[in-house]
């Protein structure tokens, strides 16, 4: 079973920051938070991951609360190409990836 | 970045026939590969874990005799859907795990249509 809870869908205006929340209240101390996205009819694409510190890369930022029970993925300037299903996954680094239902993000022109 | 390919990208076959899907890690070695299935408007469902040189481990409810997995080398895993039926029509996606990073990289998927 997926260990995360995400809203089923969200809208964001093009050019604005998209903030995608994820609850993972049962996360264990050795589990990381991973984010992937899947654009229609493609394989999932890795975005970012973190353990407890906030992380940033060229695609996004990941904000993890101090108690690690929730996190937020931030796409700083959303474009139409960011329209996708976003999956928040918690896992031990060498474990298999189990996908939940994810959040369907619509970027509005 | 690490690249995983799948072949074919799409395939149409007749009911009762078998179809093989290949998953290759192009620039790294993968002792472990994973196979997923995705029906329209649903999430990815893990089918099995493929380990090089040993038998695959199937998730509960997945028929191992119907979905044959072979992982004969460090860069290639194959999924054979035997005696395919229309309900096997789906999007099949593989991923390959890189050592020592343990990162998983996903293939582009194979769309199977059984008529």
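Observations on the model:
- 17 Å tail of the calculated P(r), the stretch A:1-102, as % of Cα pairs: 48 percent
- For chain A, modelled as a GNM whose springs connect Cα atoms under 10 angstrom apart, the maximal fluctuation among A:46, A:36, A:87 occurs at A:46.
- Mean-position separation - Cα centroids, the stretch A:1-60 and the stretch B:1-60, in angstrom: 24 Å
- Two-site label geometry, residue B:111 and residue B:42: point separation in nm, points 7 Å out along Cα→Cβ: 1.8 nm
- Taking label points 7 Å from Cα along the Cα-to-Cβ direction, residue B:83 and residue B:57 give a separation of 2.8 nm.
- Take each residue of peptide B:40-46, count the partner chain Cβ atoms within 10 Å of its Cβ, and average: the result is 4.
- DSSP beta bridges fully contained in chain A are about 85 percent antiparallel.
- Average Cα contact separation per residue, the stretch B:1-55, under 8 Å, 6 or more apart, as relative contact order %: 29 percent
- Using distinct alpha-carbon pairs, which all enter the 1/r mean, Kirkwood radius of the protein assembly as shown in Å: 18.2 Å
- Among beta bridges that DSSP assigns inside the protein assembly as shown, antiparallel share in %, nearest 5: 90 percent
Each reported figure results from applying straightforward, stated rules to the coordinates on display, with no laboratory input. For clarity, every value in this text was computed on a predicted model and none was experimentally measured. Virtual Cβ from ideal backbone geometry, glycine too; neighbours counted across all protein chains shown.
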